[in-house]
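Each reported figure results from applying straightforward, stated rules to the coordinates on display, with no laboratory input. Just so it is clear, the structure is predicted and the values come from calculations on it, not from any experiment. Positions of Cβ are backbone-derived with ideal geometry, glycine not excepted, and every protein chain shown enters the neighbour counts.
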């Protein structure tokens, strides 16, 4: 039966309303998609603001929202554990160092994005592959890192007759002799020996330079060795000429020491100098960076790598991957380096050819930071990236061993045996 005109118009109206409602709902739902990203508050003022600006720029292009939550590094393992158990939380997560290996079962495969970036910018660094290429797949993406270089107060070293380039050529035994002189004039060195994670940046280079390793690449415990015994004896002697209160320092203790004007030498990325320069502190003119001392086995520098991953249970995996691609594009990376005042290191070949940013030519204080004359490797190397290594790293077994030895809480031999026992318990061998 033919429809009357009034009935026909009524049906058309209903269909139109449904169509408009459907269109509106579709766009409203899309607009309400929020990508949640986990990060750590940067040590150089200004980087966080640049990261937010970049994320919001990407979000506007995609018609979505981005929220960035800054999690203190010490709280990261617990935060990741809670989200992995609940199967909900952030889309993009921060995987500090070995966390990629620990969380691999709950991480989305990033083979496509890592391959795309390699085609565009060259191969990933050995550190990026070591930490993130797990069981034949990329489970994390090396975003940025910062390596520990020697930070010095030029005036104090000149008091004992040494210019920065001379300090850059020291070996560890020469540093010990210089430390005695600097201690005598009230400006001690501070190779921060604490139970904080930052201590890895201080102690591992000495171990590597003298051929001591805690775990080999097969996962065998190797910490009980004559080389380790020598290093602990060295730390014990050097500790006499350093601030004794450093045992209680958190990650910012050595920063405060140098900024106070008392400290003469410490190990840290360039954030101490950068912060002083940005704030216009007079001491900024006295600070610079030089290479770390060398040992019989070479000259090593430790790098802490911040990797990004995506939970496999994220409802927004494709969008999260797109954001990661955006953050690693050259235009964004150059702005990130500038905002960090050269603090950030990046792990694609195109970004490892320094000076990749004008700041490395413009700032004399960065002369020794990049390009590095040291061999740069991640803390914990050459231990295999595995759940066991992650646990051992997070438990700070190596820094605690050093603290035991230098404070006399245990003998050198006893501290090594304690560490060996802890590591064998974790690795089951």
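Quick rundown of the values:
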quantity: Mean Cα-pair separation over length for the chain, i.e. relative contact order, pairs under 8 Å, 6 or more apart, %; calculated: 26
quantity: Helix-only mean residue ellipticity at 222 nm for the chain, each DSSP H run of n ≥ 4 adding -39500 (n - 2.57), per residue, nearest 500; calculated: -14000 deg cm²/dmol
quantity: Order of 73, 61 - criterion: other Cβ atoms within 10 Å of each residue's Cβ, fewest first; calculated: 61, 73
quantity: Extension reserve of the residue 361-residue 229 stretch, reckoned as 0.36 nm per residue once the Cα distance is removed; calculated: 43.4 nm
quantity: Inter-probe distance in nm under a simple model that places probes 7 Å from Cα toward Cβ, at residue 278 and residue 313; calculated: 3.6
quantity: Degrees, to the nearest 10: 47-62 long Cα axis against longest axis of the chain; calculated: 20
quantity: Antiparallel bridge percentage (DSSP; both residues within the chain; nearest 5); calculated: 65
quantity: Cα shape, the range 300-381, gyration tensor, a/c 1.5 rule; calculated: oblate
quantity: Potential extension, residue 334-residue 67 segment - 0.36 nm per residue separation minus Cα distance; calculated: 93.9 nm
quantity: Linear extension gain, residue 41 paired with residue 421, 0.36 nm per residue minus alpha-carbon span; calculated: 133.3 nm
quantity: Length-normalised contact order for the range 180-326 - Cα pairs under 8 Å, 6+ apart - percent; calculated: 32
quantity: Relative contact order of the range 116-192, pairs being alpha-carbon contacts under 8 Å that are 6 or more residues apart, as %; calculated: 15
quantity: Read-out Kirkwood radius over Cα pairs in Å, derived from the coordinates shown; its label in (1) 23.4; (2) 25.4; (3) 24.0; calculated: (1)
quantity: Computed label-point distance, nm, for sites residue 177 and residue 82 using a 7 Å Cα→Cβ extension; calculated: 5.4
